[in-house]
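Shown next, in structure tokens, is the structure this report addresses.
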Amino acid sequence: MVYLPMRFPTIRWIVRAILLFVVTMPLCAQSAPTNGSRTTSTTADTSGFRVVSSISGSKGKTQNNQFEMEDPRTVFHVPEDRQVIVSFQWEGPVGMHHLVGSWRNPDGKIVSSGELDYEAKTPLFSCYWSLTFPEDVTRGLWALEVQIDGKPAGEHTFEITGPTAAPPPSPSLSQADIYQRAQEASVYVDALDANGQVLRHESGFFINRQTIVTAFQSIDGASSIRLILFDGSQITTNQVIAYSRWQDWALLSAAPQKFGTLERAPAASYKVGDTDYVLGVPPSGGRTIEAVSISGVQQSSQAGTRLHISWDGGTRTIGSPLLDDHARVIGILGGSEMPGANSVMRVGSRSLQYVPQIGPSNAELLVVPMALISEKVYSQTPTTLSDLASHNQLIAPLPLDPQTDKAILCKHFQKLSDVMIEPVNPTGEFSKSRDQLALVILWAPDKKTKSIVQIRIFDLDNREVARTNGNKISLENKVTMYSALKLPITSLQPGTYRADLLLGDETQWRAFFRVVE
């Protein structure tokens with residue numbers, strides 16, 4: 001067994017090794033062939049040596065001039081594991097050779113190395129190096145690279161995993177600084193229909209120079225998105241980098257501009273009771289900073305994690321960031337647990353005041369944690385809103401001027417006269433075994449129309465699951481009239497559904513309802 005002191009190539013690496021690592025001197029020995037070794041090395045023969053095997057573990061022993069690894073593996077978990085040992089075995093020419101082993105971290109930097117001169121007396125010999133690391137060692141894929149006589153002679157890779165040590169806390173920012181950073185990175189998000197009319201006014205923020213984060217509900221049904229930046233300039237886009245209907249987030253692509261960006265908060269850095277910050281949007285315009293607290297956390301099998309906060313800032317703040325005291329983004333305001341819930345209304349619609357509150361409530365403003373969005377999706381190739389619509393990911397918007405005055409879901413209806421129909425048992429919940437779904441409509445047309453009217457039922461993934469037969473209807477300009485439709489629901493599984501009332505191909509009204517046994 002040869003035991004020689006390790007030599008570092010420079011004083012800088014000596015200091016680095018003392019601060020970060022303890023590197024055991026390489027040990028070499030003449031050896032017999034090793035059977036069953038785990039080899040993850042790159043075979044190199046440019047030096048005249050062939051790698052027979054390489055193996056890593058956290059502990060081993062030397063017996064009869066042979067080193068045996070006691071726990072061969074390639075994944076090491078900090079802080080339970082405190083060192084890695086890598087052993088190589090070569091076949092090559094006998095004689096004096098110079099060996100250098102270099103440890104390369106996940107960033108591709110060589111952090112330390114060990115070398116020795118060794119005389120191989122047989123064609124087969126082995127050598128091992130060990131590296132001791134602290135808890136703040138860089139996590140990721142590492143490698144031990146070996147050279148013999150100045151030429152590559154093998155590489156062995158292994159992974160270090162484990163929780164990343166928390167950096168020392170930095171001073172909190174003042175509310176004024178948080179407000180300034182958030183305001184410069186925030187945008188207004190206006191969803192536009194095919195005619196360029198506004199569906200809804202909401203918000204978003206830049207997470208980097210080309211990417212805007214907002215709630216998915218902010219873009220649902222849109223043909224294009226108008227972004228109003230901090231300085232009042234505008235960008236129109238239809239490019240969506242990534243999205244989740246159920247988790248309620250979307251990433252939009254925008255041309256590079258000069259504006260602020262916000263940093264993500266570390267995952268799970270929040271806790272119930274924390275004081276955090278949001279930007280409000282008062283009716284008079286502009287933005288205000290509001291201190292809020294996280295009041296609870298909930299989990300959903302489909303929607304994921306949601307945070308409750310002690311604030312309800314209205315629809316214009318949907319898509320805005322929830323910020324910690326370092327102006328880092330904890331999550332996105334909105335947090336719809338029912339995809340499409342906000343599609344029952346639109347800005348400026350003359351029927352807005354008549355939208356019934358039927359079915360599950362979605363009024364509470366929740367927060368979607370940024371941790372649900374992988375940073376890997378930032379670099380995805382964008383798709384378009386029209387492509388999302390063609391794949392049933394967007395819900396068709398209601399018209400600005402629908403022909404309905406109001407509509408009511410109910411279990412039955414009765415005719416009071418030739419022109420009057422009254423709903424019986426108005427409800428948003430139906431038993432599939434006992435009830436049928438009925439809809440009473442009061443039409444208030446602003447034009448003469450002859451068309452087909454029907455109900456279509458969709459699940460929360462926007463898939464059509466039932467419809468009525470089309471009934472012919474004639475509407476006279478400025479003449480109100482009632483009509484009613486019925487639909488059996490025995491084929492529907494218990495759950496939440498959306499009912500759309502169509503006049504021809506255009507949806508005039510919608511509501512959500514629940515089916516139970």
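The values are calculated or read from the model by the stated rules, or taken from the named source; none is laboratory data. Predicted, not measured: the structure shown is a model, and the values here were computed from it. Note that we place each Cβ from the backbone using ideal geometry, even for glycine, and neighbour counts take in every protein chain shown.
Against the conditions (1) surrounded by 13 or more Cβ atoms within 10 Å (Cβ to Cβ); (2) assigned to a loop (DSSP other than H, G, I, E, B), S170 satisfies every one except (1). For the range 430-450, give me each residue that is touching an Asp or Glu at 6+ places or on another chain (Cβ under 9 Å) and assigned to a strand (DSSP E or B). Listed by number, the residues that qualify are S431, V440, I441, L442, W443, T449.
The residues on offer are L141, L251, L227, and the sole one that is part of a strand (DSSP E or B), under 25 Å from the mean Cα position of the chain (by Cα), outside the structural domain of G331 (by TED's automatic domain parsing) and not acidic (D, E) is L141. Residues in the range 158-170: is at least one in contact with a His (Cβ under 9 Å, 6 or more places away or on another chain), within 30 Å of D231 (Cβ to Cβ) and outside the structural domain of L251 (by TED's automatic domain parsing)? Yes, the range 158-170 contains a residue that is in contact with a His (Cβ under 9 Å, 6 or more places away or on another chain), within 30 Å of D231 (Cβ to Cβ) and outside the structural domain of L251 (by TED's automatic domain parsing).
Looking at the range 91-98, can you tell me whether even one residue there is more than 30 Å from F205 (Cα to Cα), among the small types (G, A, S) and out of contact with any Ser or Thr (no Cβ under 8 Å at 6 or more places or on another chain)? There is at least one residue in the range 91-98 that is more than 30 Å from F205 (Cα to Cα), among the small types (G, A, S) and out of contact with any Ser or Thr (no Cβ under 8 Å at 6 or more places or on another chain). It is to be established whether one or more residues within the range 484-496 are assigned to a loop (DSSP other than H, G, I, E, B), under 16 Å from F513 (Cα atoms) and of a type in the set (G, A, S). Scanning the range 484-496 turns up at least one residue that is assigned to a loop (DSSP other than H, G, I, E, B), under 16 Å from F513 (Cα atoms) and of a type in the set (G, A, S).
Just name the residue that is surrounded by the most Cβ atoms within 10 Å (Cβ to Cβ) out of those in the range 61-80 that are closer than 17 Å to W129 by Cα and of a type in the set (V, I, T). In this case the residue turns out to be T74.
Here F458 passes the criteria (1) touching a Leu at 6+ places or on another chain (Cβ under 7 Å); (2) surrounded by 17 or more Cβ atoms within 10 Å (Cβ to Cβ); (3) part of a strand (DSSP E or B) except the one numbered (1).
Residue under question is Q183, and the condition is that it be under 21 Å from P339 (Cβ atoms) and in a helix (DSSP H, G or I); does it hold?
So Q183 does not fit the description; no.
When the residues of the range 254-298 are filtered to those that are over 18 Å from A327 (Cβ atoms), of a type outside the set (A, V, I, L, M) and modelled with pLDDT under 90, the one that is surrounded by the most Cβ atoms within 10 Å (Cβ to Cβ) is Q257. Give the number of residues within the range 394-447 that are aromatic (F, W, Y) and farther than 29 Å from N477 by Cβ. Count: 1. Scanning the range 288-307 for residues that are of a type in the set (S, T, N, Q) and either touching a residue at least 40 places away in the same chain (Cβ under 8 Å) or part of a strand (DSSP E or B) (or both) returns T288, S293, S295, Q298, Q299, S300, Q302, T305. Scan the range 199-216 and tell me whether some residue there is of a type in the set (F, W, Y), outside any strand (DSSP E or B) and either buried (at least 18 other Cβ atoms within 10 Å of the Cβ) or at pLDDT 95 or above (or both). For the range 199-216, residues of a type in the set (F, W, Y), outside any strand (DSSP E or B) and either buried (at least 18 other Cβ atoms within 10 Å of the Cβ) or at pLDDT 95 or above (or both): present. Against the list (1) within 24 Å of A250 (Cα to Cα); (2) without any contact (Cβ under 8 Å) to a residue 60 or more places away in the chain, the condition S320 fails is (2). Could you list all residues from the range 228-245 that are at pLDDT 95 or above and either in contact with a Cys (Cβ under 7 Å, 6 or more places away or on another chain) or among the aromatic types (F, W, Y) (or both)? Correct list: Y243 only.
Scanning the range 365-412 for residues that are polar (S, T, N, Q) and part of a loop (DSSP other than H, G, I, E, B) yields S374, Q380, T381, N392, Q393, Q403. Within the range 413-429, restricting attention to residues that are assigned to a loop (DSSP other than H, G, I, E, B) and of a type in the set (S, T, N, Q), the residue that is farthest from D220 (Cα to Cα) is S417. Flag: D220 matches the condition of being buried (at least 22 other Cβ atoms within 10 Å of the Cβ), touching a Leu at 6+ places or on another chain (Cβ under 7 Å) and either at pLDDT below 95 or among the charged types (D, E, K, R) (or both). Annotation for the range 375-383: no member residue is loosely packed, with under 13 Cβ neighbours inside 10 Å and modelled with pLDDT under 85.
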